[in-house]
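Engineer: Below you'll find the structure I mean.
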Amino acid sequence: MQSKTTSGAMLEAMREKPPLVHCITNYVAMNVAANVLLASGASPAMVHAAEEAGEFAGIASALTVNIGTLSTQWLDGMQAAAKAAASAGKPWVLDPVAHYATAFRRQAVTDLLALKPTIIRGNASEIIALAGGESRGQGVDSRDPVEQAEDSARRLAERQQAIVAVTGAVDFVTDGERAVRIKGGSVLMPQVTALGCSLTCLIGAFAATAPEDLFGATVAALATFAVAGERCRTRGGRSRLVRLALPRCAGRTRRRSAGCKSQGIDRMKAFDLSLYLVLDPDLCARIGMVETARLAVAGGATMVQLRDKRAGTLGMIETGRALKQVLDGTGARLIVNDDVEAAIAIGADGLHIGQEDMDARTAREMIGPDMILGLSVETEALAAAVDPGLADYTGVGPVFATPTKADHKQPTGFDGLARLVQLSPLPSVAIGGLKADHVAEVFAAGAKGLAVVSAICGTPDPEAATRRIAAEIRKAPA
């Protein structure tokens, strides 16, 4: 079974096995929230009566509680459901809407916090006040920036032993120790009623799908929502958002410009595959991946891929942000291998996935229309099946056996490379044991570049090694 360690993998898992999500949300948001969950692949149930809420929470895979339109009767149902979810070991999400506004709300949220929600989602003003600070919130509207709420979120997470998500222009998620920021979405989203409430329900759906990784599930939900909001905004503005099923917007494929295979160019993006560095943490251990990348780009590398299967998402984000600082202004593109969540959090130029990581459609749904998407292709059947409406380039090979990827398929050689390049509808970069001596044959096979690992990372002088490869590329036929 596919690991649910990335946002895309979690979304796929949700669609393969739709979780039943018990949503107690305000009646203003019910319709939109239900449609958002349906579009994501989850099954929503809007059950709030005290007479059945406790029983239903025991059946559902997750519970979400939003106190927006609070009443004594609804509060009874919320408490019954929260007790049942906690007793059954089910994740439950609390959305403390404007909890500071009245004495009734303050007492209600105090009672609900005592029932130990596993995840708390709120705007900055709500989280600051919930942690005991002074917020500037007015009604349901936040008057405080997310960054001002980050310390409050950490304290609240530690106190409650819960995941805390602060949502706004840049979302912030923490468990008291780890922390992730998620950029994206649209400035129009705060103008549309019920989107925040729907996001709470979506967090519940992801939590139900990956209860073993509630931190990752929360980040995945926010990343999905951010990508969807951006895509909806670019395809119709506020009217689109009003009638949306948000995550479905993220699944719309974009039209690519015609006749661009030879140049590797999309109307929305341009990239140069000619000298594609793939970082390896072991081979780069002497000076580190960031310094290796800096030297390689100085020597002529045009793209840099961050690949570290042991680092985990948080480690990838940390390294990726350092790489992004080094690469900014150089023209070299930063690509993240496999981890959608990290690619989005870093603000990388692109994502590269293997055939076994996730399908290209799900990846495109997560990263949106403007991020570069690369796809590994190892057989002629896979090359012919590539959808040019989803990906932007293919990584073809391995040309030769390579110790940097132990599970690679049978090497293709240069004749096999030529066949894969011919079958691929996208520009291709060759990979697998390639060095400067192979440049002429790679380009003769029709590839637009070569991806190298040990030929740069494993050398005493990465800049000089890169310059040698770049010189051979300049001599290769166009």
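Engineer: Along Cα→Cβ, 7 Å out, is where each label goes; now give me the distance between the ones at R178 and L38 in nm to one decimal.
Structural biologist: Taking the simple label geometry, R178 and L38 are separated by 3.3 nm.
Engineer: Taking the alpha-carbon centroid of each part, what is the distance from segment 98-136 to segment 341-406 in angstrom?
Structural biologist: Segment 98-136 and segment 341-406 have Cα centres separated by 42 Å.
Engineer: If you don't mind, there's one more thing I want to ask. If segment 24-174 were replaced by its equivalent ellipsoid, with semi-axes equal to the square roots of 5 times the Cα gyration tensor eigenvalues, what would those be, largest first, whole Å? Before the final figure, lay out the partial values.
Structural biologist: Numbers: eigenvalues 114, 53, 48 Å².
The answer is 24, 16, 15 Å, longest axis first.
Engineer: In addition: Between A444 and D328, take the C-beta separation as r, use R0 = 30 Å, and let me know the FRET efficiency to the nearest 0.05.
Structural biologist: FRET efficiency, A444 to D328: 0.30.
Engineer: Short version: ³J(HN,Hα) in whole Hz for each residue of segment 276-293, in order, from phi by Karplus 6.51 cos²θ - 1.76 cosθ + 1.60 (θ = phi - 60°), x for Gly and Pro, what are they?
Structural biologist: Each residue's phi maps through the Karplus curve to give 9, 8, 10, 6, 10, x, 6, 5, 8, 4, 4, 10, x, 5, 5, 5, 4, 5 Hz.
Engineer: Under the 0.36 nm per residue contour assumption, what length would be gained going from the current alpha-carbon distance of T193 and R159 to full extension? Could you put the intermediate results ahead of the total?
Structural biologist: Details: separation 34, 0.36 × 34 = 12.24 nm, distance 3.09 nm.
Additional length available on full extension: 9.2 nm.
Engineer: With Cβ to Cβ distances under 14 Å as the rule, what net charge do the other residues near V304 carry (K, R +1; D, E -1)?
Structural biologist: Details: positive: R294, R307, R321, K324, R333; negative: D272, D280, E291, D308, D328, D349, E463.
Net charge in that neighbourhood comes out at -2.
Engineer: Over all directions, average the projected area of the Cα convex hull of segment 317-370 and note it in nm².
Structural biologist: About 3.7 nm², averaged over all directions.
Engineer: Determine the order of Y276, Y100, Y27 by accessible area, beginning with the largest, at a probe radius of 1.4 Å.
Structural biologist: Highest to lowest solvent-accessible surface, that is Y27, Y100, Y276.
Engineer: Which order do R307, R294 take when ranked by solvent-accessible area (1.4 Å probe, heavy atoms of all protein chains), largest first?
Structural biologist: Numbers: R307 30, R294 110 Å².
Highest to lowest solvent-accessible surface, that is R294, R307.
Engineer: Would you mind checking which residues have amide H under 5 Å from R333's amide H? H placed 1.01 Å from N; only 5 or more apart, or other chain.
Structural biologist: For R333, the qualifying residues are M303, V304.
Engineer: Quick one: which residues, 5 or more positions from A430 or on another chain, have an amide H under 5 Å from its amide H? H modelled 1.01 Å from N in the peptide plane, none for Pro or chain starts.
Structural biologist: Result for A430 returns V396, K448, G449, L450, A451.
Engineer: Still on this structure, I have one more. If the only charges are +1 at each Lys and Arg Cβ and -1 at each Asp and Glu Cβ, what is the size of the charge dipole of segment 283-439 around the Cα centre, to the nearest 20 debye? Numbers along the way, then the final one.
Structural biologist: Working: 14 positive and 20 negative charges, 96 e Å.
Dipole of segment 283-439, to the nearest 20 debye: 460 debye.
Engineer: Given +1 on the Cβ of Lys and Arg, -1 on the Cβ of Asp and Glu, and no further charges, what dipole in debye does the chain carry about its Cα centre, rounded to the nearest 20?
Structural biologist: Numbers: 50 positive and 50 negative charges, 243 e Å.
Its charge dipole is roughly 1160 debye.
Engineer: From the phi of every residue in segment 175-184, what ³J(HN,Hα) in whole Hz does the Karplus formula 6.51 cos²θ - 1.76 cosθ + 1.60 yield, where θ is phi - 60° and glycine or proline is x?
Structural biologist: Listing the rounded values in order: 10, x, 10, 7, 7, 9, 10, 10, 9, x Hz.
Engineer: If you take every residue apart from I473 with its C-beta less than 14 Å away from the C-beta of I473, what net charge results, scoring Lys and Arg +1 and Asp and Glu -1?
Structural biologist: +2
Engineer: So, one more: May I ask you to evaluate 6.51 cos²θ - 1.76 cosθ + 1.60, the Karplus curve with θ = phi - 60°, for each residue of segment 153-167 and list the ³J(HN,Hα) values in order in whole Hz, giving x for glycine and proline?
Structural biologist: Residue by residue, segment 153-167 yields 4, 5, 5, 5, 4, 5, 5, 8, 6, 9, 7, 10, 10, 9, 10 Hz.
Engineer: 7 Å from Cα along Cα→Cβ at both Q422 and Y27: what's the point-to-point distance in nm?
Structural biologist: Inter-label distance under the simple model: 6.8 nm.
Engineer: Using +1 at the Cβ of each Lys and Arg and -1 at the Cβ of each Asp and Glu in the chain, identify which of A381, G77, V65 lies farthest towards the dipole's positive end.
Structural biologist: A381
Engineer: Can you give the local net charge around A169? Use residues other than it whose beta-carbon is closer than 11 angstrom to its beta-carbon, Lys and Arg +1, Asp and Glu -1.
Structural biologist: Summing Lys and Arg as +1 and Asp and Glu as -1 gives 0.
Engineer: So, one more: Express in nm, to one decimal, how much length is gained between D387 and E212 on full extension, taking 0.36 nm for each residue of separation and deducting their alpha carbon distance.
Structural biologist: 59.7 nm
Engineer: Related question: Run the simple label-point estimate for D76 and I287 please: 7 Å along Cα→C-beta, distance reported in nm.
Structural biologist: Inter-label distance under the simple model: 7.1 nm.
Engineer: In square nanometres and to one decimal, what's the mean projected area of the convex hull around the Cα atoms of the chain?
Structural biologist: For the chain, averaging the hull's shadow over all directions gives 21.8 nm².
Engineer: Need one word for segment 278-365: rounded, prolate or oblate. Basis is the Cα gyration tensor (sqrt eigenvalues a ≥ b ≥ c); a/c below 1.5 gives rounded, then a/b vs b/c decides.
Structural biologist: On the way: a/c = 1.82, a/b = 1.47, b/c = 1.24.
In terms of gyration-tensor shape, prolate.
Engineer: How much FRET efficiency would the formula 1/(1 + (r/R0)^6) give for D359 and F104, where r is the Cβ-Cβ distance and R0 is 51 Å, rounded to 0.05?
Structural biologist: 0.60
Engineer: If we sort 385-395, 318-328, 211-221 on the protection proxy, mean other Cβ atoms within 10 Å, highest first, what's the order?
Structural biologist: Listed from highest to lowest mean packing, they are 211-221, 385-395, 318-328.
The values are calculated or read from the model by the stated rules, or taken from the named source; none is laboratory data. Predicted, not measured: the structure shown is a model, and the values here were computed from it. Note: ideal-geometry Cβ built from the backbone for every residue, glycine included; neighbour counts use all protein chains shown. Remember, those area values only see protein heavy atoms, side chains included, never the ligands or the DNA or RNA. Shrake-Rupley method; radii C 1.70, N 1.55, O 1.52, S 1.80 Å.
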